[in-house]
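Peer 1: Handing you this structure, nothing more for now.
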Amino acid sequence: MKNKPLLHSFELAIALRYLKARRHGLFAFITTLIAISGVTLGVASLIVTLSVMNGFRSDIQKKTLGIQPHIVLFGTEKDSGIMLDALIDKTKLIQDINSVSPFILGQALLKSNRTTQGIVLKGILPEKEFNVTELQKTLVLGSWNALFEKKPCLILGNELARNLGVSVGDRLLIISPEESAALGAMGNIPKIAQFSVTGIFQSGMYEFDANMAFTSLDQTQKLFGIPGVTGLGIKTKNLEKAELIAQKFAEKAGSRYWVRSWQSMNRNLFQALKLEKIVMAIILTMIILVASFTIISILILISIEKLRDIGILKALGATRKTIRKIFLYAGMTLGFTGISLGTFLGVLIATILEKTKWIKLPQDVYYIDRLPIQLSFLDISLVMAASFLITIFSSIYPAAQAAKVNPVDAIRYG
(Lines give C-alpha, C1' and ligand atoms only; values in the text may rest on other atoms or scores of the structure.)
Protein backbone atom coordinates (compact mmCIF):
# COMPACT_ATOMS: atom_id res chain seq x y z
CA MET A 1 0.00 0.00 0.00
CA LYS A 2 2.85 2.38 0.87
CA ASN A 3 4.39 1.95 -2.58
CA LYS A 4 1.24 3.04 -4.47
CA PRO A 5 1.92 6.82 -4.35
CA LEU A 6 5.50 6.17 -5.52
CA LEU A 7 4.20 3.98 -8.33
CA HIS A 8 1.74 6.65 -9.44
CA SER A 9 4.48 9.31 -9.39
CA PHE A 10 6.74 6.97 -11.40
CA GLU A 11 4.05 6.43 -14.06
CA LEU A 12 3.30 10.17 -14.23
CA ALA A 13 7.03 11.00 -14.45
CA ILE A 14 7.48 8.62 -17.39
CA ALA A 15 4.37 10.08 -19.12
CA LEU A 16 5.67 13.65 -18.70
CA ARG A 17 9.11 12.60 -19.93
CA TYR A 18 7.60 11.10 -23.10
CA LEU A 19 5.63 14.31 -23.74
CA LYS A 20 8.66 16.55 -23.13
CA ALA A 21 10.70 14.49 -25.58
CA ARG A 22 8.22 15.48 -28.32
CA ARG A 23 9.36 19.10 -28.14
CA HIS A 24 12.57 18.29 -30.02
CA GLY A 25 11.04 17.06 -33.30
CA LEU A 26 9.18 19.66 -35.41
CA PHE A 27 6.43 17.25 -36.52
CA ALA A 28 5.99 15.89 -33.01
CA PHE A 29 5.88 19.41 -31.56
CA ILE A 30 3.30 20.62 -34.11
CA THR A 31 0.96 17.63 -33.59
CA THR A 32 1.13 18.09 -29.81
CA LEU A 33 0.45 21.81 -30.19
CA ILE A 34 -2.54 21.10 -32.47
CA ALA A 35 -4.03 18.67 -29.94
CA ILE A 36 -3.70 21.12 -27.04
CA SER A 37 -4.91 24.05 -29.18
CA GLY A 38 -7.95 22.07 -30.33
CA VAL A 39 -9.03 21.32 -26.77
CA THR A 40 -8.27 24.92 -25.74
CA LEU A 41 -10.35 26.34 -28.60
CA GLY A 42 -13.24 23.95 -27.96
CA VAL A 43 -13.41 24.66 -24.22
CA ALA A 44 -13.06 28.43 -24.68
CA SER A 45 -15.75 28.48 -27.40
CA LEU A 46 -18.12 26.46 -25.23
CA ILE A 47 -17.66 28.73 -22.20
CA VAL A 48 -18.16 31.93 -24.22
CA THR A 49 -21.18 30.56 -26.11
CA LEU A 50 -22.90 29.23 -22.98
CA SER A 51 -22.20 32.54 -21.22
CA VAL A 52 -23.84 34.42 -24.10
CA MET A 53 -26.89 32.12 -24.05
CA ASN A 54 -27.16 32.52 -20.26
CA GLY A 55 -26.89 36.27 -20.73
CA PHE A 56 -29.67 36.26 -23.34
CA ARG A 57 -32.00 34.33 -21.05
CA SER A 58 -31.19 36.42 -17.98
CA ASP A 59 -31.49 39.73 -19.83
CA ILE A 60 -34.75 38.86 -21.57
CA GLN A 61 -36.21 37.47 -18.33
CA LYS A 62 -35.21 40.62 -16.45
CA LYS A 63 -36.70 42.92 -19.09
CA THR A 64 -39.84 40.79 -19.43
CA LEU A 65 -40.49 40.85 -15.69
CA GLY A 66 -39.75 44.58 -15.64
CA ILE A 67 -42.82 45.26 -17.79
CA GLN A 68 -44.93 42.16 -17.19
CA PRO A 69 -46.52 40.98 -13.90
CA HIS A 70 -45.67 37.51 -12.59
CA ILE A 71 -49.30 36.49 -13.21
CA VAL A 72 -51.95 38.05 -15.46
CA LEU A 73 -55.70 37.50 -15.17
CA PHE A 74 -58.07 38.45 -17.98
CA GLY A 75 -61.84 38.40 -17.76
CA THR A 76 -63.80 36.70 -20.52
CA GLU A 77 -66.37 39.47 -20.17
CA LYS A 78 -66.17 43.14 -19.21
CA ASP A 79 -66.06 42.99 -15.42
CA SER A 80 -67.89 45.37 -13.14
CA GLY A 81 -66.28 47.05 -10.16
CA ILE A 82 -68.05 44.62 -7.81
CA MET A 83 -66.49 41.61 -9.59
CA LEU A 84 -63.09 43.30 -9.44
CA ASP A 85 -63.35 43.76 -5.67
CA ALA A 86 -64.39 40.13 -5.29
CA LEU A 87 -61.39 38.95 -7.31
CA ILE A 88 -58.97 41.08 -5.29
CA ASP A 89 -60.45 39.57 -2.12
CA LYS A 90 -59.74 36.10 -3.54
CA THR A 91 -56.09 36.99 -4.15
CA LYS A 92 -55.74 37.78 -0.44
CA LEU A 93 -56.57 34.15 0.33
CA ILE A 94 -53.36 33.04 -1.39
CA GLN A 95 -50.37 33.79 0.87
CA ASP A 96 -47.80 33.74 -1.95
CA ILE A 97 -49.39 36.76 -3.68
CA ASN A 98 -47.61 40.02 -2.86
CA SER A 99 -49.58 42.74 -4.68
CA VAL A 100 -52.33 43.22 -7.27
CA SER A 101 -52.95 45.90 -9.91
CA PRO A 102 -56.11 46.29 -12.06
CA PHE A 103 -55.81 47.37 -15.69
CA ILE A 104 -57.69 47.82 -18.95
CA LEU A 105 -56.05 46.57 -22.13
CA GLY A 106 -57.40 47.47 -25.55
CA GLN A 107 -56.48 48.35 -29.11
CA ALA A 108 -56.74 51.82 -30.61
CA LEU A 109 -55.34 54.04 -33.35
CA LEU A 110 -52.93 56.91 -32.67
CA LYS A 111 -52.84 59.78 -35.17
CA SER A 112 -49.99 62.27 -35.31
CA ASN A 113 -49.12 64.91 -37.90
CA ARG A 114 -46.84 62.37 -39.58
CA THR A 115 -48.81 59.10 -39.57
CA THR A 116 -51.46 56.89 -38.01
CA GLN A 117 -50.54 53.68 -36.19
CA GLY A 118 -52.37 50.92 -34.37
CA ILE A 119 -51.34 50.51 -30.73
CA VAL A 120 -52.06 48.51 -27.61
CA LEU A 121 -53.32 50.91 -24.95
CA LYS A 122 -53.08 49.95 -21.28
CA GLY A 123 -54.94 51.89 -18.63
CA ILE A 124 -53.36 51.59 -15.19
CA LEU A 125 -53.44 52.86 -11.65
CA PRO A 126 -49.75 53.86 -11.47
CA GLU A 127 -49.56 53.62 -7.67
CA LYS A 128 -50.61 49.94 -7.95
CA GLU A 129 -48.92 49.11 -11.26
CA PHE A 130 -45.53 50.11 -9.87
CA ASN A 131 -45.99 47.47 -7.15
CA VAL A 132 -46.36 44.60 -9.64
CA THR A 133 -43.90 45.70 -12.36
CA GLU A 134 -40.83 47.94 -12.62
CA LEU A 135 -42.40 50.11 -15.30
CA GLN A 136 -41.42 53.31 -13.47
CA LYS A 137 -37.72 52.48 -14.04
CA THR A 138 -38.15 52.41 -17.83
CA LEU A 139 -39.06 56.11 -18.20
CA VAL A 140 -36.38 57.97 -20.19
CA LEU A 141 -38.18 61.27 -20.83
CA GLY A 142 -41.01 63.17 -19.13
CA SER A 143 -42.95 62.19 -16.02
CA TRP A 144 -45.63 59.82 -14.71
CA ASN A 145 -47.25 62.64 -12.68
CA ALA A 146 -50.07 63.32 -15.17
CA LEU A 147 -51.18 59.68 -14.89
CA PHE A 148 -51.50 60.08 -11.12
CA GLU A 149 -53.66 63.16 -11.78
CA LYS A 150 -55.82 61.14 -14.24
CA LYS A 151 -55.34 63.66 -17.05
CA PRO A 152 -55.78 62.74 -20.76
CA CYS A 153 -52.12 61.93 -21.30
CA LEU A 154 -50.00 59.17 -22.81
CA ILE A 155 -46.70 57.50 -21.96
CA LEU A 156 -45.34 56.09 -25.23
CA GLY A 157 -42.66 53.53 -26.03
CA ASN A 158 -39.57 55.16 -27.54
CA GLU A 159 -39.91 53.24 -30.83
CA LEU A 160 -43.60 54.16 -31.06
CA ALA A 161 -42.79 57.84 -30.42
CA ARG A 162 -40.09 57.72 -33.11
CA ASN A 163 -42.47 56.14 -35.64
CA LEU A 164 -45.13 58.77 -34.92
CA GLY A 165 -42.59 61.60 -34.92
CA VAL A 166 -43.65 62.95 -31.52
CA SER A 167 -42.02 63.82 -28.21
CA VAL A 168 -43.04 65.05 -24.76
CA GLY A 169 -45.51 67.94 -25.02
CA ASP A 170 -46.94 66.95 -28.42
CA ARG A 171 -50.63 66.17 -28.88
CA LEU A 172 -52.15 63.09 -30.51
CA LEU A 173 -55.59 61.89 -31.49
CA ILE A 174 -56.73 58.51 -30.14
CA ILE A 175 -59.36 56.72 -32.19
CA SER A 176 -61.18 54.07 -30.17
CA PRO A 177 -63.10 51.13 -31.68
CA GLU A 178 -65.88 51.95 -29.20
CA GLU A 179 -68.69 53.76 -31.05
CA SER A 180 -69.60 57.25 -29.84
CA ALA A 181 -73.17 58.38 -29.23
CA ALA A 182 -72.96 60.82 -32.17
CA LEU A 183 -74.37 59.76 -35.52
CA GLY A 184 -72.55 60.40 -38.75
CA ALA A 185 -73.73 60.05 -42.33
CA MET A 186 -72.84 56.33 -42.22
CA GLY A 187 -74.17 55.70 -38.70
CA ASN A 188 -72.29 55.62 -35.39
CA ILE A 189 -68.71 56.91 -35.53
CA PRO A 190 -65.71 55.82 -33.39
CA LYS A 191 -64.77 57.79 -30.29
CA ILE A 192 -61.98 60.29 -30.90
CA ALA A 193 -60.12 62.00 -28.07
CA GLN A 194 -57.10 64.28 -27.87
CA PHE A 195 -54.25 63.24 -25.55
CA SER A 196 -50.90 64.87 -24.82
CA VAL A 197 -47.60 62.98 -24.63
CA THR A 198 -46.18 63.41 -21.11
CA GLY A 199 -43.55 60.67 -21.10
CA ILE A 200 -41.50 58.21 -23.14
CA PHE A 201 -40.31 54.84 -21.84
CA GLN A 202 -37.74 52.34 -23.08
CA SER A 203 -38.03 48.77 -21.81
CA GLY A 204 -35.45 47.27 -24.17
CA MET A 205 -38.09 44.92 -25.65
CA TYR A 206 -38.58 46.14 -29.21
CA GLU A 207 -42.12 44.84 -29.79
CA PHE A 208 -43.25 46.38 -26.50
CA ASP A 209 -41.56 49.73 -27.13
CA ALA A 210 -42.93 49.92 -30.69
CA ASN A 211 -46.58 49.17 -29.93
CA MET A 212 -47.40 50.02 -26.30
CA ALA A 213 -48.85 53.17 -24.74
CA PHE A 214 -50.01 53.84 -21.16
CA THR A 215 -52.63 56.14 -19.73
CA SER A 216 -54.71 56.27 -16.55
CA LEU A 217 -57.40 53.68 -15.80
CA ASP A 218 -60.09 56.39 -15.73
CA GLN A 219 -59.21 57.62 -19.23
CA THR A 220 -59.36 54.11 -20.74
CA GLN A 221 -62.70 53.45 -19.05
CA LYS A 222 -64.09 56.55 -20.78
CA LEU A 223 -62.39 55.80 -24.10
CA PHE A 224 -63.44 52.14 -24.33
CA GLY A 225 -66.76 52.48 -22.49
CA ILE A 226 -65.77 49.90 -19.86
CA PRO A 227 -67.15 50.48 -16.33
CA GLY A 228 -64.74 48.05 -14.66
CA VAL A 229 -61.45 46.50 -15.80
CA THR A 230 -60.33 43.83 -18.25
CA GLY A 231 -57.68 42.23 -16.09
CA LEU A 232 -55.44 42.05 -13.03
CA GLY A 233 -51.66 42.05 -12.80
CA ILE A 234 -50.35 39.99 -9.87
CA LYS A 235 -46.91 39.94 -8.27
CA THR A 236 -45.88 36.85 -6.32
CA LYS A 237 -43.39 36.57 -3.48
CA ASN A 238 -41.41 33.98 -5.45
CA LEU A 239 -41.37 34.45 -9.23
CA GLU A 240 -40.20 30.85 -9.81
CA LYS A 241 -43.44 29.59 -8.19
CA ALA A 242 -45.64 31.81 -10.37
CA GLU A 243 -46.87 28.87 -12.49
CA LEU A 244 -48.06 26.93 -9.42
CA ILE A 245 -49.67 30.03 -7.87
CA ALA A 246 -51.42 30.82 -11.18
CA GLN A 247 -52.97 27.34 -11.16
CA LYS A 248 -54.21 27.84 -7.59
CA PHE A 249 -55.65 31.25 -8.41
CA ALA A 250 -57.31 29.93 -11.59
CA GLU A 251 -59.18 27.39 -9.45
CA LYS A 252 -60.38 30.13 -7.10
CA ALA A 253 -61.24 32.63 -9.86
CA GLY A 254 -63.35 30.19 -11.88
CA SER A 255 -63.71 29.37 -15.57
CA ARG A 256 -64.81 32.89 -16.50
CA TYR A 257 -61.23 34.07 -16.17
CA TRP A 258 -58.05 33.41 -18.12
CA VAL A 259 -55.03 33.11 -15.79
CA ARG A 260 -51.44 32.82 -17.02
CA SER A 261 -48.01 33.02 -15.38
CA TRP A 262 -45.03 34.79 -16.91
CA GLN A 263 -43.50 31.35 -17.63
CA SER A 264 -46.49 30.16 -19.68
CA MET A 265 -46.86 33.48 -21.55
CA ASN A 266 -43.19 33.37 -22.59
CA ARG A 267 -42.74 29.59 -22.79
CA ASN A 268 -41.99 29.45 -26.53
CA LEU A 269 -39.34 32.16 -26.24
CA PHE A 270 -37.49 30.58 -23.31
CA GLN A 271 -37.77 27.06 -24.73
CA ALA A 272 -36.26 28.32 -27.99
CA LEU A 273 -33.36 29.85 -26.04
CA LYS A 274 -32.86 26.60 -24.11
CA LEU A 275 -32.89 24.51 -27.29
CA GLU A 276 -30.45 26.89 -28.99
CA LYS A 277 -28.10 26.62 -25.99
CA ILE A 278 -28.17 22.80 -26.16
CA VAL A 279 -27.61 22.72 -29.94
CA MET A 280 -24.70 25.18 -29.74
CA ALA A 281 -23.12 23.15 -26.92
CA ILE A 282 -23.36 19.95 -28.99
CA ILE A 283 -21.87 21.60 -32.09
CA LEU A 284 -18.96 23.13 -30.19
CA THR A 285 -18.28 19.87 -28.34
CA MET A 286 -17.38 18.48 -31.77
CA ILE A 287 -14.27 20.68 -31.70
CA ILE A 288 -13.12 18.90 -28.54
CA LEU A 289 -13.96 15.52 -30.09
CA VAL A 290 -11.85 16.34 -33.16
CA ALA A 291 -9.00 17.40 -30.87
CA SER A 292 -9.35 14.10 -28.99
CA PHE A 293 -8.60 12.20 -32.22
CA THR A 294 -5.34 14.16 -32.41
CA ILE A 295 -4.57 13.03 -28.85
CA ILE A 296 -5.18 9.42 -29.93
CA SER A 297 -2.77 9.88 -32.84
CA ILE A 298 -0.10 11.40 -30.56
CA LEU A 299 -0.35 8.54 -28.05
CA ILE A 300 -0.10 5.95 -30.84
CA LEU A 301 2.98 7.74 -32.23
CA ILE A 302 4.54 7.82 -28.75
CA SER A 303 3.90 4.09 -28.33
CA ILE A 304 5.67 3.46 -31.66
CA GLU A 305 8.55 5.83 -30.86
CA LYS A 306 9.01 4.37 -27.37
CA LEU A 307 8.47 0.73 -28.31
CA ARG A 308 11.94 -0.29 -27.07
CA ASP A 309 11.41 1.64 -23.80
CA ILE A 310 8.10 -0.16 -23.23
CA GLY A 311 9.84 -3.50 -23.78
CA ILE A 312 12.61 -2.62 -21.30
CA LEU A 313 10.05 -1.47 -18.69
CA LYS A 314 8.15 -4.73 -19.07
CA ALA A 315 11.38 -6.74 -18.86
CA LEU A 316 12.17 -4.92 -15.60
CA GLY A 317 8.80 -5.97 -14.14
CA ALA A 318 6.35 -3.29 -15.28
CA THR A 319 2.85 -4.73 -15.61
CA ARG A 320 0.31 -4.07 -18.36
CA LYS A 321 -1.53 -1.88 -15.86
CA THR A 322 1.59 0.25 -15.35
CA ILE A 323 2.12 0.75 -19.10
CA ARG A 324 -1.58 1.51 -19.54
CA LYS A 325 -1.42 4.17 -16.80
CA ILE A 326 1.65 5.81 -18.36
CA PHE A 327 -0.25 6.43 -21.59
CA LEU A 328 -3.46 7.38 -19.80
CA TYR A 329 -1.50 9.97 -17.80
CA ALA A 330 0.05 11.27 -21.02
CA GLY A 331 -3.39 11.72 -22.61
CA MET A 332 -4.82 13.25 -19.42
CA THR A 333 -1.90 15.69 -19.25
CA LEU A 334 -2.53 16.86 -22.81
CA GLY A 335 -6.23 17.18 -22.08
CA PHE A 336 -5.74 18.94 -18.74
CA THR A 337 -3.35 21.45 -20.32
CA GLY A 338 -5.84 22.25 -23.09
CA ILE A 339 -8.79 22.42 -20.68
CA SER A 340 -6.93 24.74 -18.27
CA LEU A 341 -5.86 27.09 -21.06
CA GLY A 342 -9.34 26.95 -22.63
CA THR A 343 -11.08 27.72 -19.33
CA PHE A 344 -8.79 30.68 -18.68
CA LEU A 345 -9.20 31.98 -22.25
CA GLY A 346 -12.99 31.47 -22.25
CA VAL A 347 -13.51 33.23 -18.91
CA LEU A 348 -11.17 36.05 -20.01
CA ILE A 349 -13.01 36.62 -23.31
CA ALA A 350 -16.43 36.43 -21.62
CA THR A 351 -15.33 38.90 -18.93
CA ILE A 352 -13.95 41.35 -21.53
CA LEU A 353 -17.20 41.12 -23.55
CA GLU A 354 -19.24 41.65 -20.38
CA LYS A 355 -17.26 44.71 -19.27
CA THR A 356 -16.84 46.44 -22.65
CA LYS A 357 -20.25 45.59 -24.23
CA TRP A 358 -18.82 46.63 -27.61
CA ILE A 359 -20.73 44.08 -29.71
CA LYS A 360 -24.03 45.65 -30.82
CA LEU A 361 -27.10 43.69 -31.93
CA PRO A 362 -30.19 44.64 -33.99
CA GLN A 363 -32.76 45.21 -31.25
CA ASP A 364 -35.79 44.33 -33.37
CA VAL A 365 -34.35 40.83 -33.90
CA TYR A 366 -32.73 39.97 -30.55
CA TYR A 367 -34.87 42.07 -28.14
CA ILE A 368 -31.65 43.62 -26.80
CA ASP A 369 -29.09 46.03 -28.24
CA ARG A 370 -25.88 44.63 -26.72
CA LEU A 371 -24.38 41.15 -26.48
CA PRO A 372 -25.26 39.92 -22.96
CA ILE A 373 -22.84 37.78 -20.95
CA GLN A 374 -23.49 35.79 -17.78
CA LEU A 375 -20.77 33.42 -16.58
CA SER A 376 -22.10 30.34 -14.80
CA PHE A 377 -19.86 28.35 -12.45
CA LEU A 378 -22.05 25.28 -13.06
CA ASP A 379 -21.68 25.53 -16.85
CA ILE A 380 -17.91 26.04 -16.60
CA SER A 381 -17.62 23.02 -14.29
CA LEU A 382 -19.71 20.86 -16.65
CA VAL A 383 -17.63 21.93 -19.67
CA MET A 384 -14.39 21.10 -17.85
CA ALA A 385 -15.71 17.74 -16.60
CA ALA A 386 -17.13 16.71 -20.00
CA SER A 387 -13.92 17.75 -21.80
CA PHE A 388 -11.77 15.84 -19.32
CA LEU A 389 -13.92 12.71 -19.77
CA ILE A 390 -13.57 12.98 -23.56
CA THR A 391 -9.76 13.17 -23.29
CA ILE A 392 -9.70 10.20 -20.88
CA PHE A 393 -11.82 8.07 -23.22
CA SER A 394 -9.64 9.07 -26.17
CA SER A 395 -6.58 7.83 -24.25
CA ILE A 396 -7.99 4.39 -23.43
CA TYR A 397 -7.47 2.74 -26.84
CA PRO A 398 -3.81 3.74 -27.42
CA ALA A 399 -3.02 2.97 -23.76
CA ALA A 400 -4.51 -0.52 -24.11
CA GLN A 401 -2.59 -1.13 -27.34
CA ALA A 402 0.70 -0.05 -25.75
CA ALA A 403 0.07 -2.38 -22.80
CA LYS A 404 -0.28 -5.38 -25.16
CA VAL A 405 3.27 -5.02 -26.52
CA ASN A 406 5.40 -8.16 -26.19
CA PRO A 407 8.60 -7.17 -24.32
CA VAL A 408 10.87 -9.51 -26.34
CA ASP A 409 9.59 -8.24 -29.70
CA ALA A 410 9.67 -4.65 -28.45
CA ILE A 411 13.35 -4.89 -27.45
CA ARG A 412 14.29 -6.77 -30.63
CA TYR A 413 12.44 -4.55 -33.13
CA GLY A 414 12.10 -1.28 -31.17
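Peer 1: For region 382-398, give me each residue that is over 27 Å from the mean Cα position of the chain (by Cα) and among the aliphatic types (A, V, I, L, M).
Peer 2: Within region 382-398, I392, I396 meet the criteria.
Peer 1: Hey, could you check region 250-288 for residues that are outside any helix (DSSP H, G or I), out of contact with any Leu (no Cβ under 9 Å at 6 or more places or on another chain) and of a type in the set (S, T, N, Q) and say which is modelled with the highest pLDDT?
Peer 2: My answer is N266.
Peer 1: Follow-up. Among the numbered criteria (1) part of a helix (DSSP H, G or I); (2) over 26 Å from A21 (Cβ atoms), which one does W358 miss?
Peer 2: Every condition holds for W358 apart from (1).
Peer 1: When you scan region 212-243, how many residues do you find that are of a type in the set (A, V, I, L, M, F, W, C) and under 22 Å from the mean Cα position of the chain (by Cα)?
Peer 2: 2
The values are calculated or read from the model by the stated rules, or taken from the named source; none is laboratory data. This one's a predicted model, so the numbers in the text were calculated from it and none came from an experiment. Heads up, the Cβs are rebuilt from the backbone with ideal geometry, glycines too, and the neighbour counts pull from every protein chain shown.
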